[in-house]
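The values are calculated or read from the model by the stated rules, or taken from the named source; none is laboratory data. All figures in this text were calculated on a predicted structure; none of them were measured in a lab. Every residue, glycine among them, receives a Cβ derived from its backbone with ideal geometry; neighbour counts consider all protein chains shown.
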Amino acid sequence: MGAASPLAEAQESQLLIRPPSFWRRLLLHKLAIVGAAVLLVVIVLCLLGPVVTGTNPNAIDFTAFGSPPSLHHLMGTDDLGRDEFTRILFGGRISLLVGFLAMLIGVGLGGLVGAISGFFGGTVDFIAMRVVDIALSIPRLFLLLLLSVTIGQSIFDISLIIGLTAWMYPARIMRAQVLGLRSLNYVEAARSIGSRSTRVLFRHIVPNAIAPLIVNSTIQVGQAIVSESVMSFLGYGIQPPTPSWGNMLTNAQTFVQTAPWLAIFPGVMIVITVLAFNLIGDALRDALDPTGQKGALGRGRNAKQATA
């Protein structure tokens, strides 16, 4: 048989991230369907907040200060008489937006650094990985609070800060993938026909190395939402009167015993949303596995078969 053309090998290699059974395996992952459905409901409700509630999140009901959940106020009101349900929906907009922006910044920067580091190796790889090691050695919460004071506390500032403290793990993931792919036949074939290094990297290697990064991105969104909540809870995140799930928890800590719903509902929303992202991430990890097996058990079986 004659040798395959470099183009054919490159096209064949890209099937690794799109196996024919990808959608079937993803749709058969029941927990992923549950997570996606929950996440879709949360996103739609938050986006349609004004339509669903018809109330301004800062509007005050002078007849209901700190009232418990009722038909008129589904999640009660806070100490200022503001509807908790309305603020949950509007706060979800902020928390989800910060989560997605921070994920794009962190995964984008980390993926770029990891790809360049793994592909070029040598001094470039050594310097990049030492920067990663130094960044990982700094306590993240301390770095988040320090950058918040230095850069600012707007929505974009908070997203940038969280993204800049979360790029290290995506960098390591991408570097490991690129190191394993750069010596394969289709990469050598692309080099042999005179393709530039940047074309080889971004056209042939990155598309096949990006699957674990997609999985990591779902985890990054959940972690960013938690990070924003922690920052806001400590007073260094989104500032009132703009609601976010984090600063709603900050306001609730004074009323935990007298008005527990003020802490319960934002906390539940954070847990549900982060859990949904994690379930989707687990499903993507299994569906993008080119062996067609699920998780570590499947990989263990493949290893036993290979050594039999």
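So here's what we get for this one:
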{"quantity": "Cross-chain or 6+ apart pairs with Cβ under 6 Å, region 66-92 first and at positive phi, then of a type in the set (S, T, N, Q) and part of a loop (DSSP other than H, G, I, E, B)", "calculated": "Gly76/Ser67"}
{"quantity": "Matching option when the condition is assigned to a loop (DSSP other than H, G, I, E, B), of a type in the set (A, V, I, L, M, F, W, C) and modelled with pLDDT of 90 or more, among Ala176, Ala166, Ala224", "calculated": "Ala166"}
{"quantity": "Every pair of residues 6+ apart whose Cβ atoms lie under 6 Å, when the first sits in region 244-271 and is without any contact (Cβ under 8 Å) to a residue 40 or more places away in the chain and closer than 15 Å to Gly76 by Cβ while the second is outside any helix (DSSP H, G or I) and not hydroxyl-bearing (Ser, Thr, Tyr)", "calculated": "Ala263/Val256"}
{"quantity": "Filtered residues of region 178-192 (kept if surrounded by fewer than 16 Cβ atoms within 10 Å (Cβ to Cβ) and either in contact with a Cys (Cβ under 7 Å, 6 or more places away or on another chain) or of a type in the set (Gly, Ala, Ser) (or both))", "calculated": "Gly180, Ser183, Ser192"}
{"quantity": "Subset of region 95-133 that is under 20 Å from Arg191 (Cβ atoms) and among the β-branched types (Val, Ile, Thr) - its residue that is surrounded by the fewest Cβ atoms within 10 Å (Cβ to Cβ)", "calculated": "Val124"}
{"quantity": "Elements of type helices (runs of 4 or more DSSP H) contained in region 58-160, each with 2 or more residues being touching a Gly at 6+ places or on another chain (Cβ under 6 Å) and not charged (D, E, K, R)", "calculated": "84-120"}
{"quantity": "Count of residues meeting criterion [at pLDDT 85 or above and either acidic (Asp, Glu) or not in a helix (DSSP H, G or I) (or both)] in region 47-57", "calculated": "1"}
